Amino acid sequence: MTEPLRLSKRMSELGLCSRREADEWIARGWVRVDGKVVSELGSKVLPSQRITVERQAAAEQSKRVTILINKPVGYVSGQAEDGYTPAVALIKPENRWAEDPADEHFHPTQLRSLVPAGRLDIDSVGLLVLTQDGRIAKQLIGQDTSIDKEYLVRVQYTRPGKLPDSDLKKLNHGLWMDGKPLLPAKVRWQNEDQLSFTLREGKKRQIRRMCEMVGLKVIGLKRVRIGRVKLGELPQGQWRYLRPDEQF
C-alpha cells in the first residue's frame, strides 16, 4: 500500500514548484488532482494520481526572476545581521551591469521574496544567486543537489616548506567535518599561491576550515561558477539577470 503524501510535497518532488509556491497555488484554486480542483491546504494525494496546474500558475512562475550578483567582501548573503548589509541591498538599477544581455526590465516587485540560493560568507566574494523561483532554489540547495560550485582560493602555507602532496590528496578526499566525512572534492593548484576548489556541498566556512586542517591560511576566496553558470566578466558589486537560455 503506497502512503498518501501532502499535495505540496508531491508537487515539489515532481519539480513543478517549491512547497511554498504549491501552497499558494492550492489556495488560489490553480491545482487539479485527476482533473478536480483541490483548494484545501494540507490535502493528500497518492503518487499514482495525476497533478496538473492552471495556466495562471505557469504564467506567474515565468515572471519570477533569478539574479546573479558578484558579492563584495562585507556583505552577508542572507538576512541582515550584526549591522552588516545583505547582498540584496545591492540590487538596484544603478548597480545593474551595463553589459547585461537580458531584455528584462527592473521593477521593485522583483525584490519581493527574492532569496539567496546558497551562502557565501561575509569575507568571500564572487557569484551569489538570488531567486524568486522555488524550482531554482531547490535545484541549488535541495538535499539531493548534484550541482557543483567552483572557487578560486588564495592561500598561504603556515608550516615550514610547502604543502605536501599527501595533504593535497586529503583536501580532495579524506577530511572529516562536524563528525562526518566530506564528499570528494576536486582541489588543484592554479598557480603557486592559488588553489581551485570544486565542491558539491557547502558547509559553513567549509573551504576555510578544510584549509586550516592542512596548515593553509585563506587570504582570499572567490566563487567563480555554480553548475554551468559562470561569474565571467560581471564586476564586483554589480548584478545581472539569469538569461532564459542559461541553466545551472
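The values are calculated or read from the model by the stated rules, or taken from the named source; none is laboratory data. For clarity, every value in this text was computed on a predicted model and none was experimentally measured. Methodologically, a virtual Cβ is constructed for each residue, glycine included, from the backbone with ideal geometry; neighbour enumeration extends over all protein chains shown. Ligands, DNA and RNA are excluded from the accessible area calculation, which covers all protein heavy atoms including side chains. Shrake-Rupley method; radii C 1.70, N 1.55, O 1.52, S 1.80 Å.
Condition (residue is part of a loop (DSSP other than H, G, I, E, B) and among the small types (Gly, Ala, Ser)) applied to the stretch 127-140: is it met by at least one residue? There is no residue in the stretch 127-140 that is part of a loop (DSSP other than H, G, I, E, B) and among the small types (Gly, Ala, Ser).
For the stretch 169-207, the set of residues classified as open to solvent by less than 100 Å² (accessible area, probe 1.4 Å), in contact (Cβ under 8 Å) with a residue 40 or more places away in the chain and either in contact with an Asp or Glu (Cβ under 9 Å, 6 or more places away or on another chain) or aliphatic (A, V, I, L, M) (or both) consists of Leu171, Leu195, Ser196, Phe197, Thr198, Leu199, Arg205, Ile207, listed by residue number.
Of all the listed residues (Ala102, Ala98), the sole one being among the small types (Gly, Ala, Ser), open to solvent by less than 30 Å² (accessible area, probe 1.4 Å) and either in contact with a strand residue (DSSP E or B) (Cβ under 6 Å, 6 or more places away or on another chain) or farther than 22 Å from Arg135 by Cα (or both) is Ala102. Test Gly220 against the stated conditions and say whether it is surrounded by 12 or more Cβ atoms within 10 Å (Cβ to Cβ) and either part of a loop (DSSP other than H, G, I, E, B) or not polar (S, T, N, Q) (or both). Taking the combined requirement at face value, the residue satisfies it. Here is the figure for the stretch 18-46: residues that are in contact (Cβ under 8 Å) with a residue 12 or more places away in the chain, over 22 Å from Asp133 (Cβ atoms) and either exposed (fewer than 12 other Cβ atoms within 10 Å of the Cβ) or of a type in the set (Ser, Thr, Tyr) (or both) total 5. Name the residues in the stretch 50-63 that are open to solvent by less than 50 Å² (accessible area, probe 1.4 Å) and either of a type in the set (Gly, Ala, Ser) or under 19 Å from Tyr241 (Cβ atoms) (or both), would you? Within the stretch 50-63, Ala57, Glu60, Gln61 qualify.
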